[in-house]
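Visitor: Submitted below is the structure of interest, expressed as structure tokens.
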């Protein structure tokens with residue numbers, strides 16, 4: 001295995017080969033133009049990432065770009081293929097520190113295992129993070145950069161306007177215009193998605209005709225297919241006089257190479273004589289020179305293509321290799337202008353960033369939790385004359401609370417190159433300090449001895465029933481490999497809870513998909529509770545998996561690694577929606593996620609009851625599988641209908657599933673009268689008996705009156721751990737008898753159509769609750 005330095009040397013030699021710019025253009029076009037309806041099918045491992053492409057461009061501009069065409073089409077295809085091979089080898093080279101550590105650890109004597117300590121000692125050094133930082137996803141959609149731009153710099157608008165002629169609204173308009181101009185040009189190309197389709201096509205052909213060497217045939221024909229995608233470019237020329245076949249062929253290839261570059265070119269004239277376009281181009285473009293980008297030597301170094309993503313070709317034309325980088329640059333670069341060019345403004349800049357971060361996070365959380373349950377800049381007073389700490393954003397939902405600490409720390413260049421000390425400092429400022437603040441805040445909330453005041457000095461009255469406080473750390477910056485670093489590097493005591501660590505871009509996604517506060521906080525609960533059980537590269541992958549299957553630990557699995565393809569499910573749904581694209585629902589798994597109307601109606605009814613423990617009840621119900629929740633509602637409705645029909649009381653109970661802890665059971669009682677007191681009394685007794693007999697740790701009781709159209713009219717909730725009790729033993733035997741008069745059923749599986757219906761009607765399931773299903 002060669003080192004990264006050795007591979008990069010070969011990459012540079014390839015880049016400076018005659019005609020390479022055209023091979024690179026094909027790579028850039030094919031890897032970053034994706035059909036929105038096929039996003040979930042994209043094979044990200046077969047495409048270069050934005051960071052990998054930026055690396056190639058960073059080396060390309062260190063010399064004058066050679067626009068001489070390749071000597072032959074085969075040279076063009078070979079350079080393209082060689083690029084992927086070298087980039088794959090470069091990726092492999094970053095595994096060297098891991099393999100060296102692995103070899104060393106295998107020779108060490110066996111010692112007592114401390115999972116978190118050993119994990120941090122093994123993975124927690126800077127050189128072990130270079131790969132995860134460089135190969136992490138972008139972590140943000142291009143439109144998010146523009147959406148957040150005004151909020152991020154609203155307090156700095158005057159400085160930016162006076163010093164850089166940078167107007168936020170005009171900048172947004174210009175960036176969208178650039179994207180649209182290049183999008184129109186891209187319509188000349190008919191992409192086949194060969195990276196995704198070819199492997200499956202070969203497999204299908206092998207089955208139909210196994211005697212043929214389809215791998216060899218594909219290798220020979222694939223280059224022709226790749227070039228054929230650009231067939232329209234070959235005919236974009238004028239013919240004067242009669243030309244020979246050879247001359248027509250030469251004209252076609254000349255048109256192809258010229259048109260290939262043109263796919264990435266914008267002109268000043270594209271902006272309708274906008275008087276501010278010169279300022280924009282000056283701020284975000286550069287000219288290639290002999291000493292251009294000389295500081296860029298290795299992964300993680302500052303690369304001019306990231307801050308100035310437009311390459312100036314002449315006074316009229318600009319080459320735009322990756323449109324996404326323009327969105328990123330207009331969001332990130334203004335900070336460095338202010339920080340580097342005006343030292344007197346630094347303290348004001350830092351204050352502005354802190355205020356903006358709190359405001360953005362507060363607005364997102366307020367949309368979910370509501371204004372009455374969301375607070376900003378909360379002060380905690382112990383009564384000893386001073387504030388212990390403050391909470392940037394604080395949310396309360398019944399018996400649960402959320403403490404949010406907001407930071408605006410960037411991942412510095414030294415960290416990206418693997419400098420261990422700087423990586424620790426960056427993580428300390430972005431996550432660790434915020435986590436410590438969150439722990440202190442959580443402790444004070446649970447102790448109930450301090451007073452809490454909102455940003456206006458008004459006292460916040462907290463419920464005595466709050467039994468859990470989740471910790472969230474938010475950074476306003478796009479922090480590469482944040483999820484991975486938070487898991488490996490976080491210093492915490494064994495009994496302390498994990499935080500969930502997000503960027504504001506992650507938060508926007510979660511708030512959008514989990515807009516109900518119970519759904520939102522349930523997700524936070526699972527993420528923090530299962531931190532050591534589930535692993536994924538990015539938060540969007542966790543979210544995609546949760547929306548599709550729900551984050552829930554199997555009792556037979558110690559560690560579950562979530563494939564990155566689950567993040568593509570969110571891409572497929574969210575990007576077309578926010579970009580205003582008209583696409584079909586085919587392949588959109590999120591639109592048919594695990595919620596159902598009947599269960600939502602049950603939860604909505606629960607939420608109307610002003611009881612803090614409702615949050616615990618809903619969380620326990622959300623723990624159940626989709627089939628179990630559906631069956632619960634079906635039986636509940638059927639039981640209530642039986643009371644309407646025969647005028648008798650009916651009930652059923654669901655015993656705990658022994659595979660999971662805590663052991664949770666449910667009882668439903670449909671009373672044949674309109675007395676609330678009678679219902680509450682009978683429901684409580686039945687729940688006590690059922691809980692005790694089933695040895696349940698948690699029991700939920702729902703009751704309904706015969707004259708009510710509501711799904712439930714009374715609730716019982718008991719979370720006292722089961723223990724032997726002589727009185728309850730006697731009561732349960734007296735009430736339930738040996739067999740028990742009330743129905744006991746399990747609903748975690750689908751019921752066969754010919755089985756007896758578990759509702760107790762005596763009919764087969766297909767003729768009762770399963771009718772018309």
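Visitor: Are any residues in the range 495-523 without any contact (Cβ under 8 Å) to a residue 40 or more places away in the chain, more than 25 Å from residue 614 (Cβ to Cβ) and under 11 Å from the mean Cα position of the chain (by Cα), and if so, which ones?
Guide: The one that is without any contact (Cβ under 8 Å) to a residue 40 or more places away in the chain, more than 25 Å from residue 614 (Cβ to Cβ) and under 11 Å from the mean Cα position of the chain (by Cα): 502.
Visitor: If you take the residues of the range 529-558 that are in contact with a strand residue (DSSP E or B) (Cβ under 7 Å, 6 or more places away or on another chain) and not in a helix (DSSP H, G or I), which of them is farthest from residue 510 (Cα to Cα)?
Guide: Selected residue: 533.
Visitor: Right, something else. Is there a residue in the range 228-241 that is farther than 20 Å from residue 22 by Cα and in contact with a helix residue (DSSP H, G or I) (Cβ under 8 Å, 6 or more places away or on another chain)?
Guide: yes
Visitor: Just to check your reading of the model, which residue among 478, 467 is more than 20 Å from residue 380 (Cα to Cα) and surrounded by 16 or more Cβ atoms within 10 Å (Cβ to Cβ)?
Guide: Within the list 478, 467, the selection yields 478.
Visitor: Follow-up. May I ask you to list the residues in the range 28-51 that are in contact (Cβ under 8 Å) with a residue 40 or more places away in the chain and under 20 Å from residue 304 (Cβ atoms)?
Guide: Correct list: 28, 32, 49, 50, 51.
Visitor: Next question. Give the range 516-563 a look and list any residue that's surrounded by fewer than 16 Cβ atoms within 10 Å (Cβ to Cβ) and in contact with a helix residue (DSSP H, G or I) (Cβ under 7 Å, 6 or more places away or on another chain), or say none.
Guide: 548, the sole residue that qualifies.
Visitor: Which helices (runs of 4 or more DSSP H) sit wholly inside the range 3-109 and have at least 2 residues that are closer than 30 Å to residue 585 by Cα and at pLDDT below 95?
Guide: The qualifying helices (runs of 4 or more DSSP H) are 20-32.
Visitor: Now a separate question. Can you tell me which of (1) in a loop (DSSP other than H, G, I, E, B); (2) modelled with pLDDT of 90 or more; (3) surrounded by fewer than 16 Cβ atoms within 10 Å (Cβ to Cβ) is the one residue 677 doesn't meet?
Guide: Going through (1) in a loop (DSSP other than H, G, I, E, B); (2) modelled with pLDDT of 90 or more; (3) surrounded by fewer than 16 Cβ atoms within 10 Å (Cβ to Cβ) one by one, residue 677 breaks only (1).
Visitor: Residues of the range 602-630 being over 19 Å from residue 698 (Cβ atoms) and either outside any helix (DSSP H, G or I) or out of contact with any helix residue (DSSP H, G or I) (no Cβ under 8 Å at 6 or more places or on another chain) (or both), which ones?
Guide: Scanning the range 602-630 gives 604, 605, 608, 610, 626, 627.
Visitor: Let me ask something additional. Just wondering, is there one or more residues in the range 124-131 that are part of a helix (DSSP H, G or I), out of contact with any strand residue (DSSP E or B) (no Cβ under 6 Å at 6 or more places or on another chain), under 29 Å from residue 47 (Cα atoms) and at pLDDT 80 or above?
Guide: For the range 124-131, residues part of a helix (DSSP H, G or I), out of contact with any strand residue (DSSP E or B) (no Cβ under 6 Å at 6 or more places or on another chain), under 29 Å from residue 47 (Cα atoms) and at pLDDT 80 or above: present.
Visitor: List the number of the failed condition for residue 362; all other conditions in (1) at pLDDT below 95; (2) crowded, with 17+ Cβ neighbours inside 10 Å; (3) not in a loop (DSSP other than H, G, I, E, B) hold.
Guide: All conditions are met except number (1).
Visitor: Additional query: Checking the structure you have, find out if any residue of the range 376-395 is surrounded by 18 or more Cβ atoms within 10 Å (Cβ to Cβ), within 22 Å of residue 120 (Cβ to Cβ) and touching a helix residue (DSSP H, G or I) at 6+ places or on another chain (Cβ under 9 Å).
Guide: No, the range 376-395 contains no residue that is surrounded by 18 or more Cβ atoms within 10 Å (Cβ to Cβ), within 22 Å of residue 120 (Cβ to Cβ) and touching a helix residue (DSSP H, G or I) at 6+ places or on another chain (Cβ under 9 Å).
Visitor: Sticking with this one: In the range 135-184, what residues are free of Cβ contacts under 8 Å to residues at least 60 places away in the same chain and within 20 Å of residue 30 (Cα to Cα)?
Guide: Matches in the range 135-184: 180, 183, 184.
Visitor: Now for a different question. Show the residue pairs that are 6+ apart or on different chains and have beta-carbon atoms under 7 Å apart, the first residue being within the range 352-381 and at positive phi, the second being outside any helix (DSSP H, G or I).
Guide: 377/390; 377/392; 377/455
Visitor: Can you name the residue in the range 442-455 that is out of contact with any strand residue (DSSP E or B) (no Cβ under 7 Å at 6 or more places or on another chain) and either part of a helix (DSSP H, G or I) or surrounded by 13 or more Cβ atoms within 10 Å (Cβ to Cβ) (or both) and, of all such residues, is modelled with the lowest pLDDT?
Guide: That would be 447.
Visitor: Given the conditions (1) in a helix (DSSP H, G or I); (2) in contact with a helix residue (DSSP H, G or I) (Cβ under 8 Å, 6 or more places away or on another chain); (3) surrounded by fewer than 15 Cβ atoms within 10 Å (Cβ to Cβ), report the number of the one that residue 158 does not fulfil.
Guide: So the condition that residue 158 fails would be (2).
Visitor: Here is a further query. Determine if the range 485-494 includes at least one residue that is under 29 Å from the mean Cα position of the chain (by Cα), buried (at least 16 other Cβ atoms within 10 Å of the Cβ) and assigned to a loop (DSSP other than H, G, I, E, B).
Guide: Looking through the range 485-494, at least one residue is under 29 Å from the mean Cα position of the chain (by Cα), buried (at least 16 other Cβ atoms within 10 Å of the Cβ) and assigned to a loop (DSSP other than H, G, I, E, B).
Visitor: Oh, and also: Against the definition (part of a helix (DSSP H, G or I), in contact (Cβ under 8 Å) with a residue 24 or more places away in the chain, surrounded by fewer than 22 Cβ atoms within 10 Å (Cβ to Cβ) and in contact with a strand residue (DSSP E or B) (Cβ under 8 Å, 6 or more places away or on another chain)), how does residue 439 come out, yes or no?
Guide: Here the answer is yes, as residue 439 does meet what is asked.
Visitor: Does any residue of the range 407-420 turn out to be crowded, with 24+ Cβ neighbours inside 10 Å, within 30 Å of residue 612 (Cβ to Cβ) and either out of contact with any strand residue (DSSP E or B) (no Cβ under 8 Å at 6 or more places or on another chain) or assigned by TED's automatic domain parsing to the domain that holds residue 461 (or both)?
Guide: For the range 407-420, residues crowded, with 24+ Cβ neighbours inside 10 Å, within 30 Å of residue 612 (Cβ to Cβ) and either out of contact with any strand residue (DSSP E or B) (no Cβ under 8 Å at 6 or more places or on another chain) or assigned by TED's automatic domain parsing to the domain that holds residue 461 (or both): absent.
Visitor: Related question: Pairs needed: first member in the range 577-606, within 18 Å of residue 551 (Cβ to Cβ); second member anywhere, at pLDDT below 85 and surrounded by 13 or more Cβ atoms within 10 Å (Cβ to Cβ); C-beta distance under 6 Å; at least 6 residues apart or different chains.
Guide: From residues that are within 18 Å of residue 551 (Cβ to Cβ), the pairs are 594/626.
Residue by residue, here is whether (1) farther than 29 Å from residue 462 by Cα; (2) touching a residue at least 60 places away in the same chain (Cβ under 8 Å) holds:
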{"position": "610", "(1), (2)": "no, no"}
{"position": "617", "(1), (2)": "no, yes"}
{"position": "629", "(1), (2)": "yes, no"}
{"position": "654", "(1), (2)": "yes, yes"}
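Visitor: Going through the range 182-221 one residue at a time, which ones are surrounded by 12 or more Cβ atoms within 10 Å (Cβ to Cβ) and outside any helix (DSSP H, G or I)?
Guide: 188, 189, 191, 192, 193, listed by residue number.
Visitor: I'm trying to understand the selection: among the residues of the range 12-21, which are in contact with a helix residue (DSSP H, G or I) (Cβ under 6 Å, 6 or more places away or on another chain) and crowded, with 20+ Cβ neighbours inside 10 Å?
Guide: Within the range 12-21, 15, 20 meet the criteria.
The values are calculated or read from the model by the stated rules, or taken from the named source; none is laboratory data. Not measured: the values here are computed from a predicted model. As a convention, Cβ positions derive from the backbone with ideal geometry for all residues, glycine included, and neighbour counts pool all protein chains shown.
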